[in-house]
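Values quoted throughout were computed directly from the atomic coordinates according to the rules given, and no laboratory measurement underlies them. All figures in this text were calculated on a predicted structure; none of them were measured in a lab. Note that each Cβ is placed from the backbone with ideal geometry, even for glycine, and that neighbours are counted across all protein chains shown.
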Amino acid sequence: MRYVLSLAAALMTLSTVSHAGNYSYNDCHVHVVNFMQQGEGLDALLKSMDENNINHAMITGIGVMKKWAETEPQKPKYYLSDAAPVYWYSGTDYRLLNEYKSLKEEDQKRLHPFITGFNPTDLNAAAQLEQMIKTDPKVWQGVGEVFTRHDDLSAITEGETPRANHQALKKLYKMAGKYDLPVLLHSNLTSKRDKGWLYLEELEDALESAPETRFILAHAGTSGTLHRWQTHEDLNKLIDKLLTKYDNLWIDMSWSVLEPYITESETPGIDVDRGKTRKGVSINWMHLLEKYPDRFMIGSDVVGKYKSQGKILHDFDELFDHLKPETVKKVAEENFLSILPKWRQEELKNSQ
Ligand SMILES: [Zn+2]
C-alpha cells in the first residue's frame, strides 16, 4: 500500500512537471532593436529561441528613434528616460533586412520580418512600403508594429498624432491586403485617464475599412497603465464583442495583457468569489480563449535584448494549464503562423 501511494505521488509529480514544461511557442511580437535603434542581433535571438522551445518569431524594428536632446545631460536608454521627442525612422527596416539576409536559410525560415519604419500620418506611406515589398517580396511577411494611440509614446512623438483610422493608414491597410500581409496594429482602446473606450471608434473604422486585411491588435488594445481605470471584465467583454463582429481581427496577448487581465499574482489561493481559479487565472478569459481558439496569439514584445523572452512566454504556461490541449497548440503556436502570407505558409508546409 505504501509502495502504491509513493508511486502515485511520484507519477503525480512527474505529470505536473512534464505538463508545465512541455509547451512549444511561436513569438508573434519581437523588436530586434530598442528605441535607440540598438539590439543584440539575430544570432542572440535565435539562441534564446533554441533555449526556450520557441520555433518561430515575428521580427520587426522600431518605427521611431529617441532623440538625445542637447538639453539632456545623459544619453537616454528608453523613450521615457527624459522628455525629449521621438521621430519616425525608416533606417530600422534596412538594418533588419541586412541582418536577415545574412542568415543561413534554415534560420531565415524561423523568422518572419515585418516592415515598421514609416510615418503613419503620411499619405505616401503605402507607396513607400509597396516599393520595399516589390524590391524584396520574399522577405516581408507583414506590416507593423504600427504605432497609433500609445499614451506616453504618442505624447512625445514629433508631428501629427497617428490614429488607427487615419487616411494614410487606410491606404496602407488596403495595400497590405493586396499583398496578403497581416498588420500588427498598436491602438490603445482609450487614454491613460478616460474610463470609457475613447479610441474604440478609430479601431472599428480601421477594421471596417479593409475587411480583406488581417489585423492583429497589439496587447489587446491595452498598455501598462490603462487597467488602472477599467475593470478586467470590461476588456474581456469588449474583446468578445470585437471578435464576434470582425472576422479580420486577431488578438496579441503580449506585454500588458496576461497580467493583470488574465492572471493576478497578488491573488494567490482560492478566490472563487472574484471569478478566479486557484491559480489566479480569470475564468472569463479562459472561456473567451476557448470560444475563439483560433484568434489569440502570444508574444514577448522584447526590444533588442532577449534575456527575458523565454520567461515572458513561459509565464503563459499558467494560463495554458487551464485550457484544452488543442486550444493551447493554437494559441501558443499555430495562430501566429496562420496569419502569415499564403506563400510563406506553403513554404513552411513543404519544408516539414
Ligand atoms: Zn511592441
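Packing, as the average of other Cβ atoms within 10 Å across residues, places the peptides 179-185, 149-155 in the order 179-185, 149-155, highest first.
What you get for the chain, charging only the Cβ of Lys and Arg (+1) and of Asp and Glu (-1), is a dipole of about 260 debye around the Cα centre.
State whether segment 61-168 is rounded, prolate or oblate according to the following rule on the C-alpha gyration tensor (a ≥ b ≥ c being the square roots of its eigenvalues): a/c under 1.5 gives rounded; otherwise a/b larger than b/c gives prolate, and the remaining case gives oblate. Because a/c hits 1.5 or more and a/b fails to exceed b/c, segment 61-168 counts as oblate. Highest-first packing order for the peptide set 42-52, 80-90, 130-140 is 42-52, 80-90, 130-140, based on the mean count of other beta carbon atoms within 10 Å.
Length gained on full extension, THR244 to SER24, computed as 0.36 nm times the residue gap minus the Cα-Cα distance: 76.4 nm.
A Förster distance of 30 Å, applied to the separation of the beta-carbon atoms of GLU70 and LYS305, puts the FRET efficiency at 0.60. The gain in end-to-end length when the SER351 to ALA44 segment is fully stretched comes to 108.1 nm, 0.36 nm per residue minus the alpha carbon separation. FRET efficiency for GLU259 and ALA84, Cβ-Cβ distance as r, R0 = 35 Å, nearest 0.05? The calculated FRET efficiency here is 0.70. Net charge of the neighbourhood of ILE156, taken over other residues with C-beta under 12 Å away and scored Lys/Arg +1, Asp/Glu -1, is -2. Our estimate of slack between ASP294 and LYS138, defined as 0.36 nm per intervening residue step minus the Cα-Cα distance, is 53.6 nm. For THR157, nonlocal amide neighbours, meaning residues 5 or more places apart or on other chains whose placed amide H falls under 5 Å from its own, are VAL86. Backbone phi angles across segment 165-180, fed through the Karplus curve with coefficients 6.51, -1.76 and 1.60 (θ = phi - 60°), yield HN-Hα couplings of 9, 5, 4, 4, 6, 4, 5, 5, 4, 5, 4, 4, x, 4, 9, 6 Hz in residue order; Gly and Pro are listed as x. Rounded to the nearest 0.05, the FRET efficiency derived from the C-beta distance between LYS109 and LYS237 at R0 = 35 Å is 0.35. Each other residue within a Cβ distance under 11 Å of SER209 adds +1 if Lys or Arg and -1 if Asp or Glu, for a net charge of -2. Couplings 3J(HN,Hα) of segment 82-98, computed from phi: 7, 8, 5, x, 10, 10, 5, 9, 7, x, 4, 5, 6, 4, 4, 4, 4 Hz, in residue order, whole Hz [Karplus 6.51 cos²θ - 1.76 cosθ + 1.60, θ = phi - 60°; x for Gly and Pro].
Of all DSSP beta bridges confined to the chain, the antiparallel ones make up roughly 15%. For segment 195-211 and segment 21-98, what is the separation of their Cα centres, given in Å? Going from one Cα centre to the other spans 27 Å.
With a sphere of radius 14 Å drawn around the Cβ of TYR100, what net charge do the other residues whose Cβ falls strictly inside it have (Lys, Arg +1; Asp, Glu -1)? Residues near TYR100 contribute 0 overall. Across every pair of non-identical alpha carbons in the chain, the mean reciprocal distance, once inverted, gives a Kirkwood radius of 21.1 Å.
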